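First up is the structure itself, then whatever we jot down about it.
The values are calculated or read from the model by the stated rules, or taken from the named source; none is laboratory data. Fair warning: this is a prediction, and the values are worked out from it, not measured in the lab. No Cβ is skipped: glycine too gets one built from the backbone with ideal geometry, and neighbour counts run over all protein chains shown.
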Amino acid sequence: METALAFMCGIIAAASIYLMLSGNLIRFIFGLVLATNAVNLLIFVSGRLAETRPPLIGDDAAVPVQEVANALPQALILTAIVIGFALLTFVFILFYRTYQSLGTVDTESMRISEPAESDPDDGATPGDKSDASGRVSGEGPA
């Protein structure tokens, strides 16, 4: 059973990476949700799936007599669920603001910070910049 869940964790992680690299913000969000679920499943599988008793110690013993369940992976999964929900809420807010300001969900068309491409007919190369005197910065002193 652990082997099947390990393969399932790998398949979910691969699908999440594929979705996050697709170039669409909506697919990125779905990939992020899948990635958090894959991590939760990985933590769950790492805690072993053996059927054991809860970690209760009798009144007359200092340590448990029989094999008990490990509570640490369960606590980590609960923490990861809360963190994943907070991250997802933050990503939804970023997505909403991005779509509101840019009007697109395609990451290739979101190039606000990049300069506009120059017109090839104007004769200037993209690296040449002119100052207030009209000299092109690529030229030597006049």
Of 6, 86, 75, which residue is within 16 Å of the chain's Cα centre (by Cα), assigned to a helix (DSSP H, G or I) and of a type in the set (Gly, Ala, Ser)?
86
Filter the stretch 71-92 down to the residues that are surrounded by 11 or more Cβ atoms within 10 Å (Cβ to Cβ) and within 17 Å of residue 30 (Cβ to Cβ) and list them by number.
84, 85, 87, 88, 91, 92
Considering residues that are within 29 Å of residue 94 (Cβ to Cβ) and surrounded by fewer than 17 Cβ atoms within 10 Å (Cβ to Cβ), the number found within the stretch 1-23 is 9
In the stretch 1-19, what residues are of a type in the set (A, V, I, L, M, F, W, C) and in contact (Cβ under 8 Å) with a residue 12 or more places away in the chain?
1, 5, 6, 8, 9, 12, 13, 15, 17, 19
Failed condition for residue 95, given (1) more than 26 Å from residue 41 (Cβ to Cβ); (2) modelled with pLDDT of 65 or more; (3) surrounded by 13 or more Cβ atoms within 10 Å (Cβ to Cβ)
(1)
Is there a residue being out of contact with any Leu (no Cβ under 7 Å at 6 or more places or on another chain), surrounded by 10 or more Cβ atoms within 10 Å (Cβ to Cβ), assigned to a loop (DSSP other than H, G, I, E, B) and modelled with pLDDT under 70 anywhere in the stretch 104-123?
yes
